[in-house]
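Throughout, read-outs are computed from the coordinates displayed, never taken from laboratory work. Just so we're clear, the structure is a prediction, and the values are computed from it rather than from any experiment. Because the Cβ atoms are built from the backbone with ideal geometry, glycine has one as well, and the counts that use them run over all protein chains shown.
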Amino acid sequence: MVATSRSALPPELSEKLSSLGARLENGPSGRELREILDDLSAIPPNQVVRASREIAVAARLVWRKPAEGFSLGRFFRKRLTEQDLLKKDPDYAWLFLFHYSGYIREAALDAIQTPPVSPFFFAALAWRLNDWVEPIRRAAKRCAERVLPLVSADVAANAALYLLDRRSA
């Protein structure tokens with residue numbers, strides 16, 4: 001009997017997220033981020049809930065960064081925060097929608113100025129409208145009012161197939 005993977009993310013994407021997460025505080029390349037966002041865009045919207053947890057774990061989008069041992073390098077290099085990364089490249093917002101910290105999810109929603117380019121990211125944005133934290137729901141509403149009128153009909157229609165089925169959940 002062959003065991004099937006219940007992962008929402010392909011193994012290659014999990015590896016890319018893990019690699020990015022390990023270097024996040026150093027500011028990985030924009031090309032690397034774009035490649036990951038492109039890969040995430042290919043995930044079906046009905047996987048958004050399961051994928052969100054896997055994305056956060058793989059990319060180390062957790063509450064606290066693990067303590068780093070003593071290193072002289074720590075004194076000479078600036079560690080970038082998630083807010084620094086959002087200022088440097090607003091596309092990090094699409095990744096930070098899955099962050100464990102509500103403060104980072106809220107900042108990501110406030111940073112998004114462009115419409116979602118895939119049904120997966122449309123569903124992720126819609127899912128944040130139902131976040132368990134009130135300030136995030138408000139930020140998601142502001143974001144939706146700002147960008148959803150600009151979404152392509154194709155993206156909205158493909159996400160709607162999943163979202164309409166979940167409207168009472």
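Counting every alpha-carbon pair across segment 1-53, the share separated by more than 16 Å comes to 47%. Counting only the Cα atoms, the chain fills a convex hull of 141 Å³ per residue. The string of couplings for segment 26-38 from the Karplus curve (6.51, -1.76, 1.60, θ = phi - 60°) is 9, x, x, 5, x, 5, 5, 4, 4, 4, 5, 5, 4 Hz, one whole number per residue in order, with x for Gly and Pro. For segment 102-154, the alpha-carbon coordinates run over 30, 17, 15 Å along the three principal axes, in decreasing order.
Residue by residue, segment 79-95 carries 3J(HN,Hα) couplings of 7, 7, 8, 4, 5, 4, 5, 5, 5, 5, 8, x, 5, 4, 4, 5, 6 Hz when phi is fed to the Karplus relation 6.51 cos²θ - 1.76 cosθ + 1.60 (θ = phi - 60°); x denotes Gly or Pro.
The packing ranking, built from the mean of other Cβ atoms within 10 Å per residue, places the peptides 124-136, 102-114 in the order 102-114, 124-136, highest first.
Between residue 141 and residue 154, the modelled labels are 3.3 nm apart [label points 7 Å from Cα along Cα→Cβ]. Length gained on full extension, residue 79 to residue 23: 19.2 nm, using 0.36 nm per residue less the C-alpha separation. Less than 5 angstrom separates the built amide H of residue 100 from those of 62, all sequence-distant by 5 or more or on a different chain. Karplus couplings for segment 12-17 from phi (6.51 cos²θ - 1.76 cosθ + 1.60, θ = phi - 60°), rounded to Hz, Gly and Pro as x? Coupling constants for segment 12-17: 5, 5, 4, 5, 5, 5 Hz.
With runs of 4+ DSSP H residues as the only contributors, calculate the mean residue ellipticity of the chain at 222 nm using -39,500 (n - 2.57) per run, divided by the residue total and rounded to the nearest 500.
-16500 deg cm²/dmol
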